[in-house]
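The values are calculated or read from the model by the stated rules, or taken from the named source; none is laboratory data. For clarity, every value in this text was computed on a predicted model and none was experimentally measured. Neighbour counts run over all protein chains shown; Cβ positions are idealised from the backbone, glycine included.
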Amino acid sequence: MADKQSGRLYRWFGERIDLPVILGWLMSASGLLYGGLDRRLELREALQKALHKPVPKHVNFSFCFGGMAFLMFGIQVVTGVLLTLYYRPTPEGAYDSVRFISNHVTMGWLVRGLHHWCSNLLIVFVLAHMVRVFVYGAYKTPRELNWVAGCFLLFMTLGLGFTGYLLP
């Protein structure tokens, strides 16, 4: 059933979009930009060196929590800016503006939901990252200042999550 639908979808796109021409154009356009930069900066060598570096055996999924927290923070910034365009931070207008965003702004419900869920996930990932750093002992010398900065960022994240929760 799924193969039949994917085949139909592939044929539909094939009839309307000339994919080889588009990919060829993109490759030539990126070659104009990338080729000149590569000749001057030797990016290909640096990229090959970085991509072929072996990963240590002790590295596992838990080492991704910091990066995932950073991704959630980036989504928070983007969706927060979009929500700020319509939000009114007054005691009388806050709830009505949130209702307006959710019900009348195009894709407002999606942006608001994404902002809500990413804020929850941000707190989860920051806490998981701090636990991983503590369990692995990565807070010891010479990284104790990083631990202090991380604790500060944890409290900032919790504070921003709490104040953001109160806005509507």
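Below is a table of values for the structure above.
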item: Neighbours by Cβ (under 6 Å, 6+ apart or cross-chain): first from segment 140-155, in the same structural domain as Val126 (by TED's automatic domain parsing); second part of a loop (DSSP other than H, G, I, E, B) and at pLDDT below 95; result: Trp147/Tyr139
item: Residue match in segment 39-61 (condition: modelled with pLDDT of 90 or more, of a type outside the set (Gly, Ala, Ser) and either in a helix (DSSP H, G or I) or surrounded by 12 or more Cβ atoms within 10 Å (Cβ to Cβ) (or both)); result: yes
item: The listed residue being surrounded by 14 or more Cβ atoms within 10 Å (Cβ to Cβ), part of a helix (DSSP H, G or I) and over 25 Å from the mean Cα position of the chain (by Cα), out of Phe65, Phe100; result: Phe100
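Residue by residue, here is whether (1) surrounded by 13 or more Cβ atoms within 10 Å (Cβ to Cβ); (2) in contact with a Phe, Trp or Tyr (Cβ under 9 Å, 6 or more places away or on another chain); (3) among the acidic types (Asp, Glu) holds:
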residue	(1), (2), (3)
Gly74	no, no, no
Ala94	yes, yes, no
Val111	yes, no, no
Gly137	no, no, no
Leu145	no, no, no
